[in-house]
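Here is the structure we will look at, set down as structure tokens.
Nothing in this text is a laboratory measurement; each read-out follows from the coordinates by a stated rule. Just so we're clear, the structure is a prediction, and the values are computed from it rather than from any experiment. Positions of Cβ are generated from backbone atoms using ideal geometry, with glycine treated the same way; all protein chains shown enter the neighbour counts.
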Amino acid sequence: MRVTMVNKYYPPHLGGIEYHVRDLANALVARGHGVRAIVANEGPQTLTELVEGVDVTRIGRTFAISSAPVAFGMARALRAEATRQDPADVLHLHSPYPWGELEWLRARPGVPTVLTYHSDIVRQRLMLKGYAPFLHRVLDRVDLIIATSPDMVVHSEFLAPRATKCRVVPFGIDVDAFASTPAVEARAAQIRSAHQRPIVLFVGRLVYYKGAEVLVRAMADVDADLVMMGSGPLEAGLVALAIELGIVDRLTIVPPSPIDELIAYYHAADVFCLPSIARSEAFGLVQLEAHASGTPVVSTTLTTGVPYVNADGVTGLTVPPGDATALAGALRTLVEDAPLRERLGAQALERARAEFNIGRMVDDTLAVYAEARGVA
């Protein structure tokens, strides 16, 4: 099969959707499928290159609107997917990418098309007003829609009316990559030695919807150290808040780190916390990484895939979003109860292996491709 992915960018550009597209593309190539990616370049030039077996066309970006790159020529490239010597069997759009979806509408490539709906647009209300009419058209015209959790289908105003054409395919990761090794344990021991208290770990951008401020407030009532791996516009404010609450000596902010270092932090942590407060957090892939490391998670009951990934009482605990008191209570429960932490951590690892591995994700995606093509 030949599959063509359409997205804003492709790695090495940083981004959760970009990494998902890369992982899915690489896994499809490993199974013998041909994969192309049509994306925007970060500069004005159009480049074509082979990246780990994936044919990547980076179309020159003219400008960007609200972080969405405008790359003239994308419609022409999509139209060509139906006529080239090795035409695409399936187009796979990744949304939200307003320009890419508009170009797909313009191109009318006549190729079976699947769209993965990664998240709703929550904060950019003005942009959504202009985007919504043609997003409805795109969702009506694609053959099938992939949602990453049942919660997204139920609670998204764009997906709920189209539930019959939605197929749930949760993200998957390379669970084995997060396993304990002597090197991981040695580094994790070094990290733990720098802390006299249990470690609560947060990994993510320091932006509003991640709920980092709620977490810092909650930590005033938790006898543990908070390690936040990430960067963003809220960093200075979080430090100021920790000073105000008298817990700055228990707060450590470290910059985003290479994967080996990240894995060591997951293993060093007693509890992982994802305190997100808005539907912009559609899945919370970092929860899966913590689970794959055997670390229990405290997260929030957003109407997205977040509580679907972190099953309350099974792989961790969940609390209402924005509730610092409830968050502190859940963190205290796990910090103070080592047997409970161990049980939930073991169950988290088992569930990650069974339900959120990359092989299962690829199997389910291939089944959606086959259905879109009308192949039994």
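For segment 256-347, what does the alpha-carbon gyration tensor say about shape, rounded, prolate or oblate, given a ≥ b ≥ c as the root eigenvalues, a/c under 1.5 as rounded, and a/b over b/c as prolate? Oblate shape, in that a/c is at least 1.5 and b/c is the bigger or equal ratio. With both labels modelled 7 Å from their Cα along Cα-to-Cβ, the D140 to A163 distance reads 2.1 nm. Computed extension length for D337-L50: 98.3 nm, one decimal, from 0.36 nm per residue of separation with the Cα-Cα distance subtracted.
Residues in segment 247-286 near a label at Q190, defined as backbone nitrogen under 18 Å from the 7 Å Cα→Cβ point? Answer for segment 247-286: 253-269. Take every DSSP beta bridge whose two residues both sit in the chain; close to 15 percent of them are antiparallel.
Applying 1/(1 + (r/R0)^6) with R0 = 41 Å to the Cβ-Cβ distance of R205 and V375 gives a FRET efficiency near 0.55. Sorting 144-155, 253-264, 164-175 by their mean Cβ neighbour count within 10 Å, with the most densely packed peptide first, gives 144-155, 164-175, 253-264.
Under a Gaussian network description of the chain, with springs only between Cα atoms under 10 Å, the residue in A77, A292, A25 that fluctuates furthest is A77.
Taking amide H as placed 1.01 Å from N in the peptide plane, the amide H of V51 sits under 5 Å from that of V56, each at least 5 places away or on another chain.
Put simply, when 210-221, 241-252 are sorted by average Cβ atoms within 10 angstrom per residue, most first, you get 210-221, 241-252. The loop-placed trypsin sites (Lys or Arg not before Pro) in segment 49-141, going by DSSP, that have at most 15 neighbouring Cβ atoms within 10 Å of their Cβ come out as R84, R123. Count charges around Y10 for me, please; just the other residues with Cβ under 9 Å from its Cβ, Lys/Arg as +1, Asp/Glu as -1. Net local charge, Y10 excluded: +2.
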